[in-house]
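Worksheet: one structure, shown below.
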Amino acid sequence: MTDKIPLAGVIGSPVAHSKSPKLQNYWLKKYGIAGYYIPMDVAQSDLKEALQALPKLGFVGVNVTIPHKEQALKLSDVVTDRAALIGAANTLIFRKDGKIHADNTDGYGFLENLRQGAPHWVASAGPAAVFGAGGASRAVVAALAEAGATEIRLTNRTRARAEAIRAEFGPKITVYDWVQAGDMIDGAATVVNTTSLGMVGKPEFKVSLAALSPDAVVTDLVYAPLRTAFLEQAEAAGCTIVDGLGMLLFQATPGFERWFGKRPEVDEETRAVILEP
Ligand code: ATR
């Protein structure tokens, strides 16, 4: 055992907006763990050098955010299956043998948030309809497939990105036209917005929910605002809605556990801490 205080952090550029330091340092304090979690703005050209230096400085691992998620995966020595499938890493562990272990916990965070917000939800209940085909969508689609969804309907403004996910992830996925996106939710048990539409400063996410079953569980990865117009519309249609904040919180728990030795709890107080301005 070493008596060094473990360090972790988040590497991105820009990184000032990241909620991770607030969250991880809140958990460190709550559980009385000696450790620090630091935001680090690192240029793309410096990423390799930074990842080599950090373990020598006492870092046990880092989160990785935009624009480094893909490159961090390539620079790692050991990669989990889910990170390889998604093609991006968000959690790195600096192992004692000098190797970098890369994981992607976004899909885990997505599923845990759904399970907490809609305890009756199961992936196998019926088709899942996923809007968007960016990085977040890849994690969501992989998680839904792994959790037992039998059919995943996918649509994206830029259709080629949705087609690329289908080509990589396989036959469970059907690509729909963005303009007919409303058709996707007919009979869907799970509906997910992974686009950035609806986020503060972005246009609203508008889709016809006429075909939506009240049995559907509807979630939005956008968490600012917490209750998007899309979620309000789904709630008015009688659906169970789950906001996106929990995904942000749950995706952080595997890293915290690996670095600091305790699986942190995601509860109302955690949500309140993160929502504080
Ligand atoms: P993330 O990692 O958060 O998924 P991203 O890879 O930039 O970020 O993807 C953003 C998603 O929001 C994409 O599905 C994007 O659609 P395109 O692939 O067509 O760009 C979607 N998106 C962003 N702005 C949009 C808009 N104005 N209309 C429709 N879709 C939009």
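Descriptive notes on the structure:
- For the residues V62, V78, the requirement of being touching a strand residue (DSSP E or B) at 6+ places or on another chain (Cβ under 6 Å), over 20 Å from G134 (Cα atoms) and without any contact (Cβ under 8 Å) to a residue 40 or more places away in the chain singles out V78.
- Taking (1) under 18 Å from I86 (Cβ atoms); (2) more than 14 Å from the ligand (Cβ to nearest atom) in turn, I185 satisfies each apart from (1).
- Of the residues making up segment 121-133, those that are more than 10 Å from the ligand (Cβ to nearest atom) and part of a loop (DSSP other than H, G, I, E, B) number 4.
- Within segment 1-39, restricting attention to residues that are in contact with a Phe, Trp or Tyr (Cβ under 6 Å, 6 or more places away or on another chain) and part of a helix (DSSP H, G or I), the residue that is surrounded by the fewest Cβ atoms within 10 Å (Cβ to Cβ) is N25.
- Flag for T155 being within 15 Å of the ligand (Cβ to nearest atom) and open to solvent by less than 10 Å² (accessible area, probe 1.4 Å): yes
- Check on Y108, hydroxyl-bearing (S, T, Y) and under 30 Å from F59 (Cα atoms): yes
- Filter result for A125 (touching a Phe, Trp or Tyr at 6+ places or on another chain (Cβ under 7 Å) and open to solvent by 20 Å² or more (accessible area, probe 1.4 Å)): no
- Single residue of A142, A167 found to be out of contact with any Cys (no Cβ under 9 Å at 6 or more places or on another chain), more than 15 Å from the ligand (Cβ to nearest atom), part of a helix (DSSP H, G or I) and modelled with pLDDT of 95 or more: A167
- The single condition among (1) within 15 Å of the ligand (Cβ to nearest atom); (2) in contact (Cβ under 8 Å) with a residue 60 or more places away in the chain; (3) outside any helix (DSSP H, G or I); (4) open to solvent by 10 Å² or more (accessible area, probe 1.4 Å) that A136 does not meet is (3).
- Members of segment 40-49 found to be in contact with a His (Cβ under 9 Å, 6 or more places away or on another chain) and open to solvent by less than 40 Å² (accessible area, probe 1.4 Å), listed by number: V42, L47
- Segment 47-83 - residue that is closer than 19 Å to G109 by Cα and acidic (D, E) and, of those, farthest from the ligand (Cβ to nearest atom): D81
- Being closer than 16 Å to T194 by Cα and open to solvent by less than 10 Å² (accessible area, probe 1.4 Å) is a property that does not hold for A145.
The values are calculated or read from the model by the stated rules, or taken from the named source; none is laboratory data. Quick caveat, the model's predicted, so the values are computed rather than measured. All Cβ positions, glycine included, derive from the backbone under ideal geometry; neighbour counts span all protein chains shown. For the accessible areas, the whole protein counts, side chains as well, though only heavy atoms, and no ligand, DNA or RNA atoms are used. Shrake-Rupley method; radii C 1.70, N 1.55, O 1.52, S 1.80 Å.
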